[in-house]
1. If packing is taken as the average number of other Cβ atoms within 10 Å across a peptide's residues, how do 307-316, 390-399 rank, most packed first?
2. With the cut-off at 18 Å, tell me which of the pairs Lys79/Lys120; Lys268/Lys302; Lys91/Lys317; Lys35/Lys389; Lys35/Lys242; Lys242/Lys283 have Cα atoms farther apart than that.
3. Counting Lys and Arg as +1 and Asp and Glu as -1, what is the net charge of the other residues whose Cβ lies under 11 Å from the Cβ of Asp87?
4. Please list, in chain and number order, the residues 5+ apart from Gln265 or on another chain whose amide H is under 5 Å from its amide H, with Hs placed from the backbone.
Amino acid sequence: MRNVLAIAALLTLTTAGVANAAQATPAPSETGIHKIRHVIVIMQENRSFDSYFGTYPGADGFPTQNGAFTTCVPDPARKTCVYPFHDPNDKNLGGPHGASNATADIDGGKMDGFVAQAEKGKGACDATLNPNCGGGATDVMGYHDAREIPNYWAYAQNFVLQDHLFEPNASWSLPAHLFMVSEWSAKCSKAGDPMSCINALQNPARPLSPGNKKGKKAVTTPPDYAWTDLTYLLFKNNVSWKYYIQSGTEPDCEDDAADCPPVNQNAKTPGIWNPLPSFDTVKGDGQLPNITDVTNFYKDAKAGTLPAVSWITPSGKNSEHPPSLISDGQAWTTSLINAAMQGPDWDSTAIFLSWDDWGGFYDHVQPPRVDENGYGLRVPGIVISPYAKQGYIDHQTLSHDAYVKFIEDDFLGGQRIDPQTDGRPDPRPDVRENAPQLGNLALDFDFTQPPRPPLVLPIHPPPGPASAPAATPSGLAVRVAYGKVAGSSGS
């Protein structure tokens, strides 16, 4: 723990000028949760909690005994099993992460399907952009710590780490981003008719995309997302919002089961990471200009003109979505957080940083079942705010639904995306924000404390210290035969 504190201290580059500016900013006059006037959701890509924080002190990480990992996931192709191991590689491949893969990975609560799914995925495709492409047999069992992600560990140490945050849906990136803004993933048969929408965990209507050489047809008609999203309530209540997207390419295919060439994305192009242009509510409310390039986030943060609600999504290069580099994603995320911290809105800001799905990487915690859509597997979650508790690990059961709930509680008086009350009925299975399992993000804050100064970190930090345990028991390779485990000496 002292090592983690030390690296956080070393990485803190807050200048006297920034600190003085923060102290000079008048404290908000509101009380409690309403001291937060700016919520920023940063959604990165495809990492499980264990893959980034499985060895974080005090968190619900890899099971261990006597300083050694006790989890070993079967590798049926090699008749062995694979322990978690430190992976120093900046580039990972991960595993398949569609709805069927989530079911197989979880395996009724055994949490033992990850290696087998990665091997099947790798053998079934030839495009690294395919979300069904797996990595090496043990890639999904690798973990990172402060050696590769020192800034993420510094944020966890200095603010709040959530170790039971689950993807809201047990599926891939498009459904995850639909849930992020609307609490549902659906497919609609009649344009403009919310009641024509049906649940679609794996295959909601796809954004525009090119075809491929294997016969996959191009999508030439934009999808129509007719159900209700959060921006509808924000607009009705005069609450400002923006969706900032980085121009570049998408790493995922527009179809979870097809290979594809890179797909361009920008603020004007509907896509798997930019779903709002396809929502009827956004178009009908004249809110399309609120979807804008991420360069405007830096300008808004500097000028003190951030909206009440910001969503930020990266391009493929900075997403951490395999095979994109972890270091590029961490640098991008750090630049966003630094911008928010150095701007005049810092004292009234809450940043929710997470990853949209598990990307096929191992996690040992069985997700709770809330409804037919999830929850999905556990992903990292960090809360960064001048009011966030320091060095706090939140063990509540959470999902990205909690972000929507917090926004609604803060800005909408607790109103929900609820067909019975929001004035725009649709046939969604339930009101996700009201799930009894879902915790309360307000508990991650101490609104009685004075606003804390920024923690401005370097974009390209030096490696942090190693965590423990860092090796499998006695260097053994373990052979598995239909559930029977026997140790044998290995190289």
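1. Numbers: 307-316: 23.2, 390-399: 19.3.
Going by the mean number of other Cβ atoms within 10 Å, highest first, we get 307-316, 390-399.
2. Lys268/Lys302; Lys35/Lys242
3. Values: positive: Lys91, Arg147; negative: Asp90, Asp139, Asp145, Glu148.
Taking every other residue near Asp87 into account, the sum is -2.
4. Counting only residues 5 or more places away or on other chains, the set is Gly248, Thr249, Glu250.
Computed from the coordinates by the stated procedures, all read-outs in this text should not be read as laboratory data. Here the structure is a predicted model, which means the values were calculated and not measured. All Cβ positions, even for glycine, are placed from backbone atoms using ideal geometry, and neighbour counts span all protein chains on display.
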